[in-house]
Amino acid sequence: MMKELEERILKDGIVIGPNILKVDSFLNQQIDSKLIHKMGVEFANYFRDKKIDKVLTVESSGIAPALATALELEVDCVFARKKQSLTTGDNFYHSSVYSFTKQVTNELIVSKDFIKEGENVLMIDDFLANGQAAKGMIAIVRQAGANPAGLGIVIEKSFSEGRELIEDMDIDIYSLARIAKLEEGKITFVEE
Ligand code: 5GP
């Protein structure tokens with residue numbers, strides 16, 4: 001848990017639509033670099049003893065916290081692309097991810113060059129809701145014969161089913177903020 005992040009969510013988070021939190025002012029569009037740095041320190045301290053070889057995330061909003069974490073752990077950071085790019089080639093791992101939030105299916109794509117057998121891979125993402133994005137990352141790590149060593153989440157929507165789904169796969173999750181309830185004008189955190 002990160003008190004400063006909770007305070008920032010209360011100050012700047014906007015609840016839009018049913019159960020959607022907008023945090024564009026510090027995470028999803030403008031990036032508060034000092035706050036992101038502190039997130040990296042938090043994640044790194046929590047997962048350091050897992051001997052992390054690599055940090056994996058999903059473009060685009062996961063990249064900032066993942067990079068901050070990778071810097072602290074002194075390892076490289078890899079992001080899954082949601083679309084094939086001109087340079088992808090055909091040497092890649094992929095996994096289909098359905099987003100309930102956006103109601104679209106995205107393909108997560110990672111070149112086989114960047115995750116290797118036996119590596120301990122820490123996965124980082126901005127939000128955990130239904131757990132589909134995290135499940136996609138885990139699938140890719142497993143395809144590579146690597147070890148999903150943990151999941152670091154900036155904001156967990158604890159009223160959604162993601163945590164249970166991922167914990168059932170025996171993955172340790174560390175969320176910096178856990179939201180119990182999202183109502184217009186009122187955000188309630190999980191009591192720890
Ligand atoms: P999941 O796959 O766990 O259902 O959703 C994870 C992804 O959906 C996150 O990477 C994030 O992009 C997006 N997402 C889910 N809920 C929210 C939300 O309340 N606010 C924002 N900004 N993104 C969300």
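The values are calculated or read from the model by the stated rules, or taken from the named source; none is laboratory data. Everything numeric here is computed off the predicted structure, so don't read it as measured data. Here the Cβ positions follow ideal geometry from the backbone for every residue, glycine too, while neighbour counts run over all protein chains shown. To get the accessible areas, we keep the full protein, side chains included, count just its heavy atoms, and leave off ligands, DNA and RNA. Shrake-Rupley method; radii C 1.70, N 1.55, O 1.52, S 1.80 Å.
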Can you give the relative contact order of the chain as a percent, counting alpha carbon pairs under 8 Å and 6+ residues apart?
-> 20 percent
Taking only the alpha-carbon positions of segment 121-192 as identical scatterers, the Debye log10 I(q)/I(0) at q = 0.11, 0.13, 0.25 Å⁻¹ comes out as -0.27, -0.37, -1.10
Once you put a point 7 Å from the Cα of N45 and another 7 Å from the Cα of Q103, both along the Cβ direction, what distance in nm separates them?
-> 4.2 nm
Rg over Rh, two decimals, the chain (C-alpha only, Kirkwood Rh) = 0.95
Holding the Cα-Cα limit at 28 Å, pick out from K3/K181; K82/K157; K22/K83; K116/K157 the pairs that are longer than that.
-> K116/K157
Against the longest alpha carbon principal axis of the chain, how many degrees, from 0 to 90 and to the nearest 10, is the axis of helix 132-143 turned?
-> 20 degrees
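Which entries in the list K102/K186; K34/K112; K54/K102 go over 25 Å, if you measure between the two C-alpha atoms of each?
From K102/K186; K34/K112; K54/K102, over 25 Å: K34/K112; K54/K102.
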C-alpha center-to-center spacing [segment 94-123, segment 131-182] in angstrom = 12 Å
With a 1.4 angstrom probe the carbon and sulfur portion of accessible area for segment 135-192, in percent, totals 41 percent
For the pair F159 and I31, how long in nm is the line joining their label points, each one 7 Å along Cα→Cβ?
-> 3.0 nm
